[in-house]
Amino acid sequence: MKTGTKSSIGAKLLNYTLYIILFLILIVIVVINPKFLSLDNLINILKQASTKGILALGVAGIIVLAGTDLSVGRLLGLSAAVAASLLQKVTFASRYYPGITKPIPLIVPFLICIVLCVGFSAFNGFGMAKLHMHPFIVTLGSQLIAYGLCCIYIQNQPSGSTQALSSLDDRYVNIATGSILGIPTLIWCFALLAILTYIVWNKTRFGKNMFAVGGNTEAAEVSGVNVTKTILGVFMYAGLMYGIASFLEGARIQSVGTATGINYELDAIAGCVIGGVSFNGGIGTVVGVVIGCIILQAINYGLYFLGVNSYLQYIIRGALIIVAVAIDVRKYVVKK
Amino acid sequence: MEENTEGKTPEYLLEMSDIEKSFPGVKALDHAQLKLKRGSIHALMGENGAGKSTLMKCLFGIYIKDSGTIKMEGKEVAFKNPKDALDNGVAMVHQELNQVLHRNVMENLWLGRFPLKAGLIDTAKMYEDTKKVLDDLEINIDPRKEIGTFSVSQRQMLEIAKAVSYNAKILVLDEPTSSLTTDEVEHLFRIMRKLCSANVGIVYISHKMDEIKRISDEVTVMRDGQWIATEDTKDVTTDEIIKMMVNREMTQQFPEKHNTPGEVLLSVKNLSGKYQPTCKDVSFELHRGEVLGVAGLVGARRTELLSTIFGIKATESGELVYKGKDIRNKDSGESIKNGFAMVTEERRATGIFPYANIIFNTTIANLRAYEKGPILSGRKVVGDTQKIIDSLSVKTPSQKTLIKNLSGGNQQKVILGRWLLTSPDVLLLDEPTRGIDVGAKYEIYELILNMAKEGKAVMMVSSEMPELIGICDRILVMSNGRMAGILTRGVDFGGVENEQETIMRLAAQYV
């Protein structure tokens with residue numbers, strides 16, 4: 001037992017090494033330019049972290065199943081394009097749907113985004129649960145399909161334009177620029193969805209089953225967990241998050257083109273990994289995901305703020321992900 | 001070590017003496033020994049878990065022995081790993097097939113020692129060499145075909161060919177005939193005799209008495225990790241060998257039995273599984289308040305029988321009549337609803353969720369009971385967990401401890417507790433005391449008997465005969481997928497003479 005307590009102190013240190021390193025990076029940024037620590041910057045960081053954070057809340061469940069989702073970014077692009085096309089200003093001459101002459105209720109495109117993303121994600125889930133494909137492969141294929149659909153959709157504008165969809169309705173844009181009680185709406189959305197995900201993960205049978213399937217599929221099956229249903233459910237919940245995130249992202253960037261959403265899956269997955277969601281499955285916390293996304297965004301923003309060469313930023317972010325996973329894996333390596 | 005100074009070769013090709021090996025909680029080998037002569041076939045016998053495979057793995061460098069000496073041709077050796085052993089003239093065919101299924105025969109045969117030409121693999125030479133090895137052994141198989149396309153018995157023969165191709169001085173065969181057809185067994189025996197005449201020493205592990213009598217020159221019997229005897233095979237009868245294998249002192253203590261079997265709870269009629277390996281045409285009745293043991297050798301399909309009843313393996317034919325009604329148990333969810341519970345054999349692989357805490361591991365099969373609308377009641381979850389920790393005296397620092405940090409015995413208690421929470425009527429326990437220390441075993445026995453006393457029916461697979469004899473009311477003996485018989489306490493075992501021999505004989509009936 002003595003060795004037990006000793007190694008558990010080591011294990012605890014190991015648990016926090018990553019956060020320590022990341023905070024050191026942030027401190028370096030602050031030391032170089034103390035202005036980084038302004039309220040404006042902090043709000044900006046949280047705002048930027050929010051849409052990707054919502055994506056991460058979805059993909060995290062799939063990673064807990066020992067899977068992954070490469071289709072997140074392209075699916076967001078497709079869904080945001082649909083939302084934007086429905087919510088262009090009715091006064092804008094070359095709008096996607098000239099037939100829409102009166103502003104439509106926001107709830108309509110919002111629900112369309114959700115149905116689209118839940119359906120698409122359920123398709124990925126079907127590939128994993130029923131066809132027993134690795135989700136890496138399923139989503140590698142489906143992200144291309146999503147991208148193709150998105151391009152066709154955007155290039156089919158009645159006006160003949162193939163440009164990004166812009167001139168969006170003010171009510172829509174205001175969602176992203178507005179705030180409630182002084183806090184931007186986007187941050188509210190991220191916070192509420194994080195709380196919802198926390199409850200789903202920790203307080204429902206579905207959440208427990210998700211961890212059971214991810215932690216030990218065979219033991220889950222023996223324990224009476226319906227593995228197929230659980231996998232499908234996790235993908236559909238992820239789809240719900242993607243749908244909401246895509247709607248918000250369209251409002252945030254105010255112009256949706258074929259490049260919208262590109263590589264978002266990488267930021268979402270990186271946020272999860274930095275937050276301690278293990279690719280081996282069965283391990284992860286919502287709090288970790290939220291912190292992981294915020295830290296990642298803070299570093300992204302910080303590097304940008306310091307004016308670091310944008311290519312060098314890629315290198316730093318890439319190294320970060322590798323370090324994150326290397327440390328994550330150390331926790332679970334079985335010592336022989 | 002000194003060379004043979006007097007020029008005479010040592011009497012034994014291989015001398016293993018006083019070998020000891022412990023695993024956490026278990027002493028697997030306790031002064032084990034084996035002496036193998038040149039050009040002879042030496043049978044190594046013993047029950048499941050007697051330490052035969054462990055002893056051979058210590059020779060082969062898979063395990064490192066704790067103490068003792070191994071001499072090969074008079075020189076002390078200690079192989080660090082299988083490659084080391086192979087390089088020094090020891091080859092082994094394992095009980096399980098270790099093959100790369102999607103590669104071809106010759107690549108499997110020369111894996112780890114491909115013939116090279118200018119740094120690249122010399123495929124032509126590899127083909128010729130393979131052809132030669134297979135021709136020598138009269139094995140008619142195309143070296144270029146993918147190994148996974150062959151039957152298990154053909155693959156077994158290829159493993160044997162691979163071992164032979166090392167030109168080893170010592171060849172260890174660990175239950176090589178378990179999947180072979182009669183013709184192939186004859187073929188194998190021809191190969192073995194041929195190798196013997198070339199002065200190779202063969203260690204032959206098998207449960208099949210008739211084979212041992214036919215092929216071996218000497219036989220060594222092991223029991224509970226200890227060496228029991230070495231005899232010339234022609235001087236001992238099958239019965240004497242069995243007696244040496246099972247005749248142990250009953251040192252293990254069992255709690256007093258106080259359960260009384262009642263009415264029939266479950267009738268299993270002609271149950272056969274769908275996908276191999278599986279059980280075939282098994283019929284029996286399980287009573288309330290009864291502990292029904294399931295005995296058998298490795299490969300008797302005892303686990304498969306339980307899994308088929310529980311619905312995690314598909315049923316081909318047969319009926320389950322439970323509480324007077326036909327039921328199907330098509331999957332584990334349905335079985336659990338019907339009041340079944342199953343504790344699996346491989347606790348780590350299919351029992352625990354290692355990186356989850358005690359709460360999660362205790363309550364995962366019973367979550368429906370804690371739902372208030374869609375939300376789980378944390379109070380009930382924690383309450384039930386504490387109830388299990390208290391009533392089964394699980395030793396854990398807290399409810400939030402990860403289960404992987406508990407001892408095997410305490411993990412097993414948590415899993416039993418997981419099922420007790422679902423209030424089952426039928427408990428299917430597969431090797432419930434495997435890898436658990438003696439004290440915890442006693443507690444598990446008490447638990448099992450208490451459950452029977454409460455009127456539940458317990459069906460328990462075990463490879464430890466004293467345990468079955470100690471706590472079961474009846475013992476169902478499986479042999480090669482079929483039921484060889486059901487023994488009754490007080491008639492066939494339980495203070496009856498030659499009880500273990502009776503079980504062993506039935507277990508070997510269809511092999």
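Between A:Ala93 and B:Glu454, the modelled labels are 8.1 nm apart [label points 7 Å from Cα along Cα→Cβ]. Taking the charge dipole of chain B about its Cα centre, with +1 at Lys and Arg Cβ atoms and -1 at Asp and Glu Cβ atoms, the residue from B:Tyr322, B:Val282, B:Ala124 reaching farthest to the positive side is B:Tyr322. For the range B:347-377 and the range A:271-336, what is the separation of their Cα centres, given in Å? Result: 29 Å between the Cα centres. Distance from the C-alpha centroid of the range A:17-41 to that of the range B:322-343: 58 Å, rounded to the whole angstrom.
Listed values for the range B:41-58 are Karplus-derived 3J(HN,Hα) couplings in whole Hz (6.51 cos²θ - 1.76 cosθ + 1.60, θ = phi - 60°), namely 10, 10, 7, 10, 10, x, 5, 3, x, 6, x, 4, 5, 4, 4, 5, 5, 5, and x replaces Gly and Pro. Annotation for B:Leu120 and A:Ile180: the two label points, set 7 Å from Cα along the Cα-Cβ direction, are 6.9 nm apart. Computed about its Cα centre, the charge dipole of the range B:65-223 is approximately 320 debye, with only Lys, Arg, Asp and Glu carrying charge at their Cβ. Across the alpha-carbon atoms of the range B:354-423, the computed radius of gyration and Dmax are 11.3, 36 angstrom.
How much length is gained on full extension from B:Val152 to B:Asn167, taking 0.36 nm per residue of separation minus their Cα-Cα distance? Show your work: numbers first, answer last.
Values: separation 15, 0.36 × 15 = 5.40 nm, distance 2.39 nm.
Here the answer is 3.0 nm.
Based only on Cα atoms, what Rg/Rh ratio does the range B:335-386 have, Rh being taken as Kirkwood's radius?
Working: Rg = 12.4 Å, Rh = 12.3 Å.
Rg divided by Rh gives 1.00.
Taking every Cα-Cα distance in the range B:261-341 and sorting them into 5 Å bins starting at zero, the pair-distance distribution P(r) comes out as 3, 15, 26, 27, 20, 7, 1 percent. Within the shell defined by Cβ-Cβ distances under 12 Å, the residues around A:Phe136 carry a net charge of -2, with Lys and Arg each +1 and Asp and Glu each -1.
With no solvent and one equal point scatterer placed on each C-alpha of the range B:14-246, evaluate the Debye formula and give log10 I(q)/I(0) for q = 0.07, 0.08, 0.13 Å⁻¹, two decimals. Scattering profile of the range B:14-246, log10 relative to I(0): -0.23, -0.30, -0.78.
Using DSSP, restrict attention to beta bridges with both residues in the protein assembly as shown and report what percent are antiparallel, rounded to the nearest 5.
Beta bridges within the protein assembly as shown, antiparallel portion: roughly 60 percent.
Between A:Ile107 and A:Asn156, what FRET efficiency comes out of the Förster formula 1/(1 + (r/R0)^6) with R0 = 25 Å and r the beta carbon distance, rounded to 0.05? In this case the efficiency is close to 0.50.
So what is the 222 nm mean residue ellipticity for chain B from helices alone, if each DSSP H run of at least 4 adds -39500 (n - 2.57) and you divide by all residues, rounding to the nearest 500 deg cm²/dmol? Mind dumping the intermediate values first?
Details: 16 runs with 161 residues, N = 511.
Mean residue ellipticity, 222 nm, calculated: -9500 deg cm²/dmol.
When +1 charges are put on Lys and Arg Cβ atoms and -1 charges on Asp and Glu Cβ atoms, the dipole computed for the range B:354-423 relative to its Cα centre reaches about 60 debye.
In this structure, the residue pairs whose Cα-Cα separation is over 26 Å, taken from B:Lys404/B:Lys456; B:Lys169/B:Lys213; A:Lys229/A:Lys331, are B:Lys404/B:Lys456; A:Lys229/A:Lys331.
When the GluC sites (Glu not before Pro) in the range B:365-470 are filtered for DSSP coil states and for at most 15 other beta-carbon atoms within 10 Å of their beta-carbon, the remaining sites are B:Glu454.
Look at the dipole of the protein assembly as shown built from charges on Cβ: of B:Ala341, A:Val200, B:Gly293, the Cα furthest out on the positive end belongs to A:Val200.
Among the listed pairs A:Lys130/B:Lys313; B:Lys52/B:Lys145; B:Lys325/B:Lys380; B:Lys131/B:Lys162, those whose Cα-Cα separation exceeds 22 Å are B:Lys52/B:Lys145; B:Lys325/B:Lys380. 3J(HN,Hα) along the range B:458-471, derived from phi through the Karplus expression 6.51 cos²θ - 1.76 cosθ + 1.60 where θ = phi - 60°, amounts to 10, 10, 9, 8, 8, 9, 9, 4, x, 5, 5, 5, x, 10 Hz, with x in place of Gly and Pro. Within straight-line reach of A:Lys35, meaning a Cα separation under 28 Å, sit the following lysines at least 8 residues removed in sequence or on another chain: A:Lys47, A:Lys52. For the Cα trace of chain B, dividing Rg by the Kirkwood Rh returns an Rg/Rh value of 1.01. Phi angles of the range B:117-131 translate, via the Karplus equation with coefficients 6.51, -1.76, 1.60 and θ = phi - 60°, into HN-Hα couplings of 9, 6, x, 10, 6, 8, 5, 4, 5, 4, 5, 4, 4, 4, 3 Hz per residue; Gly and Pro are given as x. Based on Cα contacts under 8 Å between residues 6+ apart, the range B:354-423 shows a relative contact order of 48 percent. Could you please state, rounded to a whole Å, how far the C-alpha centre of the range B:446-511 is from the C-alpha centre of the range A:141-162? Here the answer is 69 Å between Cα centres. Database remark: amide H of B:Arg103 closer than 5 angstrom to the amide H of B:Ile147, B:Gly148 (H placed geometrically; neighbours at sequence offset of 5 or more, or on other chains; Pro and chain starts carry no H). Assuming charge only on the beta carbon of Lys and Arg (+1) and of Asp and Glu (-1), the dipole of the range B:246-326 about its Cα centre is about 180 debye to the nearest 20. Under the classification rounded if a/c is under 1.5, otherwise prolate if a/b is larger than b/c and oblate if not, where does the protein assembly as shown fall, given a ≥ b ≥ c as square roots of the Cα gyration tensor eigenvalues? It comes out prolate by the Cα gyration axes.
If you take the beta carbon distance between A:Ile199 and A:Arg317 as r and set R0 to 25 Å, what does 1/(1 + (r/R0)^6) give as a FRET efficiency, to the nearest 0.05?
Values: r = 31 Å, r/R0 = 1.25.
With a Förster radius of 25 Å, E is 0.20.
Among beta bridges from DSSP that stay inside chain B, the antiparallel ones total about 55%. Taking a straight line from the alpha carbon of B:Lys453, these aspartates and glutamates sit under 19 Å away, with near neighbours fewer than eight places off in the same chain left out: B:Glu256, B:Glu263, B:Glu285, B:Glu290, B:Asp425, B:Glu443, B:Glu467, B:Asp473.
Shielding by partners for peptide B:329-336, expressed as the average number of C-beta atoms from other protein chains within 10 Å of each residue's C-beta, is 3.
Quick check on packing: order A:63-76, B:83-96, B:289-302, B:378-391 by the mean number of other C-beta atoms within 10 Å, highest mean leading.
Values: A:63-76: 26.9, B:83-96: 17.9, B:289-302: 24.4, B:378-391: 16.1.
Descending packing order for the listed peptides: A:63-76, B:289-302, B:83-96, B:378-391.
Mean per-residue shielding of peptide A:210-220 is 6, counting Cβ atoms of other chains within 10 Å of each Cβ. Estimated at 0.36 nm per residue, the fully extended path between B:Asp232 and B:Asp87 surpasses their Cα-Cα distance by 49.1 nm.
Less than 5 angstrom separates the built amide H of B:Leu376 from those of A:Thr204, A:Arg205, all sequence-distant by 5 or more or on a different chain.
Bear in mind that the values in this text are calculations on the coordinates, not laboratory data. Predicted, not measured: the structure shown is a model, and the values here were computed from it. Reconstructed Cβ throughout: ideal geometry from the backbone, glycine too, with neighbour counts over all protein chains shown.
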